[in-house]
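Read the figures in this text as sums done on the coordinates, not as results from a lab. Just so it is clear, the structure is predicted and the values come from calculations on it, not from any experiment. Reconstructed Cβ throughout: ideal geometry from the backbone, glycine too, with neighbour counts over all protein chains shown.
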Amino acid sequence: MALDTNKLRKLFAAGAVAAILVAAGFYVRGMLRSGHGPAKPVTSIPDNVGELAKGFSFSQSEGGKTLFTIHAASFQRYKDSGRGELRDVSIVVYGRDESRSDQIYGSLFVYDPATGDIGAEGEVRIDLDANTKGATQPNQAPVKETRNLIHVTTSGLTFNKNSGLARTKEKIEFRVPEASGSAMGATYDSHSSVLTLKSAVKIDTTDKNKASISGQSATITKEPRQIVLRGARVEQQQRMMAADKLTVLLRPDNTVDRVLGSGNVHSHQEGPKGFDVTAPEGELLLATGNLLKSGALSGGVNFQRLGDQPSAGKAGRIVLAFGPKGRVVSARAEDSVDVKEGPEGKSRQIVASALDVAIKDGKIVQTATTSDGPGKIILAKGTSTTAISADRLQMRFNNQNRPVSLLGSPDAKIVSSTPGQPDQIATSHELTASFNDKGEIIAGDLNGDFHFQQGQRTATAEHGKFNPVDESFVLTGSPRVVDTGATITADTIQLSRRTESAEARGNVKTTYNDLKPQPGGAMLASGEPIHVTGVSATASRSAGVAKYAKARLWQGANIIEAPSITFDKLHRSLVAQGDQTARVSTVFVQTTKNGKTTPVNVTADKLTYVDSERKAVFSGRVVTKMEDSTINADTVQVLLMPRGEQAGDKPSSQLDRIVAQGDIQIQRPNRRATGSQAVYTAAEDKFVLTGVPGKLPSIFDAERGQISGDSLTFFSHDDRVLVGSGDSSPAQTQTRNRDASKK
């Protein structure tokens, strides 16, 4: 709060009236005892009056300089009591260097030698600093008031020469050109030089920055040189400051050195830039010229900023530093600092051991820096929060006092929390962040030894870029993500907390390594790790599904390649999809009765496989290549043997049956077959070819010609062909080595 402490000192100096009264009492008492006679004695004197005179004047000089003068309309001394009275009195007290004069006016001054009391009965008016030129000769008449005048009015003043106490129970009013004030009752101890204004102290300034100062009581002491105002309250337009006790410490030249507030220190301001501050203790230090030098609030400070950018906070202590023109240049908050800005659900909170704020022109925040231990900034958005912390945080602001950037190091951390979800925790050596014009973080970078954790999902990288809009991290620099038994590496990986997804780009590789053997499965039933590579991948944590582009998936000897593979780890199922650039391809094995193992290669536009069903469904221009046969079909179902029934120490995807449908063409050495459905049984190494009404299956043999029938069964190992027919058509069997048929 702007407060001219020089005026405060000057106004309280008006209490020096008591000191002047003390001096006047000595002067009057000394004059009454000195034997100096009145200028105009009265010839008719009452019996009880020892002396009586009118037009009385008395002066005291020292070294040729006038110290004081007393003028009175009349003077009298009583015989029996020795009591003396001066009426219509004017006392002028000059400074020893003749640089000033003080004047006292009263209708009646009374001296009682029995009690030692000197009193001014009725109204007394006092002018301090009435003349800045001083006296040039004895008995100089009082001069007119000047612009430096301190004028005091009171009544009922008494001074006791024995105790050295001056007092009044009546109202005291005082004014200077800049202000006026009052109090009820006062005492002045001339021995200890302590002046006390008893109650109802009030001062009103009259300049353009009008202020009203009030207090329950005030005390002015010479040693120490200070002013103490109890129950103090200072009010200006839209502003207020209060304290149980306000102490003004003065230098030897009576300029203000320090102002101390204790007990319920409170400062409040209304308006767009309003604030409210409370603390048990407060202190202001002033430089020469009454310019503010520094200030402090301590004992547990609570503060609020009102207006268009509301905030609230607390700290054990706040220290202010002032620059030219008394403007704040820096502020330091210490001891459990907690500052919160903005409404619930859209707030920014700073928590730190200490906070240093650099300020420009007394109103523009330039930087806010945490110190003396880790600091934290908590950003709230709805029910979600993002907490940013580091050993040292520095926030920079624009000219509208809105943050524009943040730097944190070392041990930087970001913790994002949403009810019902595990916290997302990211750490690194250094953190940088940028804000939009609404004070919201729009991007953050974590550099050096980046670590991430969300529930069971963890990640490492050199760098992590945080996007609070979608609550995601983009990892670069050898990123590696581990999540529920799956490990993924790539050139870049993006982790989204909101969608619980991961997107990988460039040299993607995933390893699923917590698999248990599934005896009832087939191609993906092993306990060995499943590996998937590709140029990109998108994985959903909630669904447990990952989609890879230009992918290759394998487990042991089982391999699938396709432009796109979607893998469901939980169900050990997949969908592989081809495109214009490439097709789906995979390899199975066929084991004959004599233990010979040969590969079975299948290519298609699409593959769907569910391991629990042991069925691979291929569609779209399916080509199946076996040891000596090639099958072309619209769709092919490859049924595999259960892993528990497969032969060998490391069984692969052993073929059980193949069911092909659509426009089927089977190509064998010197033989070609067509039909609508073909069923191949691996154990018997045989094909059963059937057709549809109006289109019989057929086999064309280069040596025997074409064979047709309702069904054709042929065996690969000996080239036998069984021709099946309806009721009107006999069944035939043909072989390549003899021309015979059997009915």
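Some notes on this structure:
- Sorted on the mean count of surrounding Cβ atoms within 10 Å across their residues, most packed first, peptides 165-174, 564-573 read 165-174, 564-573.
- Estimated vicinal HN-Hα couplings, Hz - region 457-471 in sequence order (Karplus 6.51, -1.76, 1.60; Gly, Pro = x): 8, 10, 8, 9, 5, 7, 9, x, 10, 9, 10, x, 4, 10, 6
- Dimensionless Rg/Rh of region 541-592 - Kirkwood Rh, Rg from C-alpha atoms: 1.03
- Sorted ascending by nearby beta carbons within 10 Å, beginning with the fewest, TYR548, TYR105 become TYR105, TYR548.
- ³J(HN,Hα) computed for each position of region 599-610 - Karplus, 6.51 cos²θ - 1.76 cosθ + 1.60, integer Hz, glycine/proline x: x, 10, 9, 10, 10, 6, 7, 8, 9, 10, 9, 10
- Listed residue (GLY439, SER389, GLN453) projecting farthest to the positive dipole end of region 384-459, Cβ model: GLY439
- Per residue, the convex hull volume that the Cα atoms of region 303-386 enclose (Å³): 96 Å³
- Hull-based mean projected area of region 500-668, where the convex hull spans the alpha carbons, in square nanometres: 10.0 nm²
- FRET efficiency, ASP372 to ASN290 (Cβ-Cβ, R0 35 Å, nearest 0.05): 0.60
- Nitroxide proxy distance, nm - points 7 Å out along Cα→Cβ at LYS54 and ARG621: 14.1 nm
- Under-5 Å amide H pairs with VAL365, H placed in peptide plane, nonlocal only: LYS360, ASN401
- Of the residues ILE530, ASN601, ILE666, the one whose Cα sits farthest toward the positive end of the charge dipole of region 500-668, with +1 on the Cβ of Lys and Arg and -1 on the Cβ of Asp and Glu, is ILE530.
- CD proxy at 222 nm, helix term only [per DSSP H run n ≥ 4: -39500 (n - 2.57); per residue of the chain; nearest 500]: -1000 deg cm²/dmol
- The length gained on full extension between ARG225 and ASP491, counted as 0.36 nm times the residue separation minus their Cα-Cα distance, comes to 88.3 nm.
- Per-pair calculated FRET efficiency, R0 = 41 Å: SER698 and THR581 via Cβ, rounded to 0.05: 0.70
- Sequence-ordered 3J(HN,Hα) estimates for region 475-487 from the Karplus curve with 6.51, -1.76 and 1.60 and θ = phi - 60° stand at 9, 9, x, 6, x, 8, 10, 10, 8, 6, x, 10, 10 Hz, glycine and proline given as x.
- Distance-filtered residues of region 621-642 - backbone nitrogen under 15 Å, label point 7 angstrom along ASP663 Cα→Cβ: 621-623, 632-635
- Between GLU170 and ILE442, the simple spin-label model (points 7 angstrom out along Cα→Cβ) gives 7.3 nm.
- Cα-based helix-to-principal-axis angle, 17-34 vs the chain, degrees rounded to 10: 20 degrees
- Dividing the mean sequence gap of close Cα pairs (under 8 Å, 6+ apart) by how many residues region 500-668 holds gives a relative contact order of 17 percent.
- Normalised alpha carbon radius of gyration of the chain [divisor 2.2 N^0.38 Å]: 1.93
- Between ALA312 and LEU570, the FRET efficiency from the beta-carbon distance, with R0 = 60 Å, is close to 0.80.
- When you restrict to C-alpha pairs under 8 Å that are six or more residues apart and normalise by the size of region 529-591, the relative contact order lands at 25 percent.
- Mean sequence separation of contacting Cα pairs (under 8 Å, at least six apart), scaled by the length of region 445-489, corresponds to a relative contact order of 32 percent.
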